[in-house]
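Data first, discussion second: the structure below is written as structure tokens.
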Amino acid sequence: MSQARTNARKAAVQALYQWQMAGQNLSEIERQFLEEERLKDAQKSYFVELFYGVPKNLDAIDQVLSEFVDRPVDTIDPVERAILRIGVYELLYRLNMPYRVVLNEGINLAKDFGADGSHKYVNGILDKVAQQTRAGEIKAKGAR
């Protein structure tokens, strides 16, 4: 997985966190990230896809999340919520991306940005989502 794409995910977590907390206009947040050169080492097109794709598909993403979390999605820690939303987005809409990559990236984002142990929570939720949304892919991998 490219470092530029990983950096795009990191920036998307921060931007989505800001959007969740402040409710600012998406294009305003994107402008800030560009001006502050926070996307310098990131794949900008992937950042844009995630940053606009998550809010655009928020109802579907949160619907899937709500099946697997132990509390209302809105009450999940905002950092973990941003990471989970990106992971679910990728599992649902980036079918060309292996589910293991999505899980690993989510775990690493939680280790970078989340509270102690949050990577275990993120892994558990994304794994359950993957079992449901990527069952065919998982079964095919296990059959090898």
*Any residue in region 43-52 that is touching a Phe, Trp or Tyr at 6+ places or on another chain (Cβ under 7 Å), modelled with pLDDT of 90 or more and among the β-branched types (Val, Ile, Thr)?*
no
*If only one of Arg71, Arg94, Arg31 is surrounded by fewer than 18 Cβ atoms within 10 Å (Cβ to Cβ), closer than 17 Å to Leu109 by Cβ and of a type outside the set (Val, Ile, Thr), which one is it?*
Arg94
*Hey, can you tell me all the residues within region 87-99 that are farther than 9 Å from Ile61 by Cα and within 8 Å of the chain's Cα centre (by Cα)?*
Gly87, Glu90
*Name the residues in region 36-67 that are of a type in the set (Asp, Glu), under 17 Å from Gln20 (Cα atoms) and not in a helix (DSSP H, G or I), would you?*
none
*Determine which single condition Gln18 fails, assuming it passes every other condition in (1) more than 27 Å from Pro98 (Cβ to Cβ); (2) touching a Phe, Trp or Tyr at 6+ places or on another chain (Cβ under 7 Å).*
(2)
_So Glu37, is it over 16 Å from the mean Cα position of the chain (by Cα) and at positive phi_ = yes
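Listed here are the residues, each with its yes/no results for (1) closer than 14 Å to Tyr93 by Cα; (2) touching a residue at least 40 places away in the same chain (Cβ under 8 Å).
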position: Glu28; (1), (2): no, no
position: Glu37; (1), (2): no, no
position: Ala42; (1), (2): no, no
position: Tyr46; (1), (2): yes, yes
position: Asp59; (1), (2): yes, no
position: Val69; (1), (2): no, yes
*Does region 116-126 include one or more residues that are of a type in the set (A, V, I, L, M), in contact (Cβ under 8 Å) with a residue 60 or more places away in the chain and closer than 18 Å to Val13 by Cβ?*
yes
*Could you tell me which of the residues Gly87, Gly53, Gly23 is without any contact (Cβ under 8 Å) to a residue 12 or more places away in the chain and of a type in the set (Gly, Ala, Ser)?*
Gly23
*Could you tell me whether any residue of region 120-141 is over 14 Å from the mean Cα position of the chain (by Cα), of a type outside the set (A, V, I, L, M, F, W, C), assigned to a loop (DSSP other than H, G, I, E, B) and farther than 18 Å from Asp62 by Cα?*
no
_Residues that are under 19 Å from Pro78 (Cα atoms) and surrounded by 18 or more Cβ atoms within 10 Å (Cβ to Cβ), drawn from region 34-58_ = Phe47, Leu50, Phe51, Gly53, Val54
*On the given criteria, is Ala115 of a type in the set (A, V, I, L, M), modelled with pLDDT under 95, surrounded by fewer than 16 Cβ atoms within 10 Å (Cβ to Cβ) and not in a loop (DSSP other than H, G, I, E, B)?*
no
*Residues Val102, Val88: which one is at pLDDT 95 or above and more than 18 Å from Ala15 (Cα to Cα)?*
Val102
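The values are calculated or read from the model by the stated rules, or taken from the named source; none is laboratory data. On a predicted model such as this, the values are computed, not experimentally measured, just so you know. Glycine also receives a Cβ, built like all others from the backbone with ideal geometry; neighbour counts cover every protein chain displayed.
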